[in-house]
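Notes to accompany the following structure.
Values quoted throughout were computed directly from the atomic coordinates according to the rules given, and no laboratory measurement underlies them. Fair warning: this is a prediction, and the values are worked out from it, not measured in the lab. Quick reminder, even Gly has a Cβ in these numbers, built from the backbone with ideal geometry, and neighbours come from all protein chains shown.
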Amino acid sequence: MTNFATVTLISDYKMIEYIKGSIAELTPTYAIVECGGIGYMLNITLPSFSRLEGSKETRLLIHEVIREDAHLLYGFIDEQERSMFRSLIGVSGVGANTARMILSSVPAPELEHVIISGDHSRLKNVKGIGTKTAQRIIVDLKDKIKPMSDAFILQPTVASDIFDEALAALVMLGFARTQSQKVLKKLFDSDPAMKVETAIKKALSMM
């Protein structure tokens, strides 16, 4: 075990605060972080994937979702993203996977501005978010969001095994393989050099 491998527990809440270790596997939807000889599967967002690509080690903030049938870990690259995730799942009708989908389509810094400006049409572009849910998110969070940045900066995309990786990510997010293939084919036909994160984001708005 290296000194880098760390799991920090918050005893008052019986929760894992963060996991620090080596990246054993990384995809657009999850990362496996090895810590103390244990591989933790952490569900992540596309912005987190983009920032982790090429890294050998990481420290991800954790949010646990404990159900009768599953114990899920969501990993976040910074506190802004985790805080936004927690705010989203506090809205009626927005679960953890929906919150991750929103943050994959609209990165946390941009989402701050979307909510504060009341731009519900931007949220409606996210798969599974209808007008009522988009409006509810803005109404519930508009007065609760405290901007952590004065301007949002979209993370650069990173090249990878493009089509196959984008397809795998969409399937893991719950979309049908056939439909995902059709959408991705259309995207790559128009732009063969498209990066994986860009392809997934565009596909999410077209599904």
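So for Ile138, Ile44, Ile162, fewest C-beta neighbours within 10 Å to most, what's the order?
Details: Ile138 20, Ile44 28, Ile162 17.
Going from sparsest to densest Cβ surroundings: Ile162, Ile138, Ile44.
With charges set only on the Cβ (+1 for Lys and Arg, -1 for Asp and Glu), what does the dipole of the chain come to about its Cα centre, in debye to the nearest 20? Don't skip to the end; give the middle numbers.
Details: 24 positive and 24 negative charges, 137 e Å.
It works out to roughly 660 debye.
Within 10 Å of each residue's Cβ, count the other Cβ atoms and sort Thr198, Thr27, Thr45 from fewest upward.
Numbers: Thr198 18, Thr27 15, Thr45 27.
If I rank by nearby Cβ atoms, fewest first, I get Thr27, Thr198, Thr45.
Apply the Karplus curve 6.51 cos²θ - 1.76 cosθ + 1.60, θ = phi - 60°, to the phi angles in the stretch 25-35 and return the couplings in whole Hz, x for Gly and Pro.
7, 9, 10, x, 10, 8, 10, 9, 10, 8, 9
Quick one: net charge of Gln135's neighbours, Cβ under 13 Å, K/R +1, D/E -1?
Numbers: positive: Arg122, Lys124, Lys132, Arg136, Lys142; negative: Asp119, Asp140.
Local net charge: +3.
What longest region of the chain stays clear of trypsin sites (Lys or Arg not before Pro) that DSSP places outside H, G, I, E and B and that have at most 14 other Cβ atoms within 10 Å? Walk me through the intermediate numbers first.
Numbers: sites that count: Lys14, Lys56, Arg67, Lys142, Lys144.
By the stated rule (loop sites, at most 14 other Cβ atoms within 10 Å), 68-141.
Just to confirm a number: summing +1 for Lys and Arg and -1 for Asp and Glu over residues other than Gly21 whose beta-carbon lies under 9 angstrom from that of Gly21, what do you get?
On the way: positive: Lys20, Arg59; negative: Glu34, Glu57.
With Lys, Arg at +1 and Asp, Glu at -1, the net is 0.
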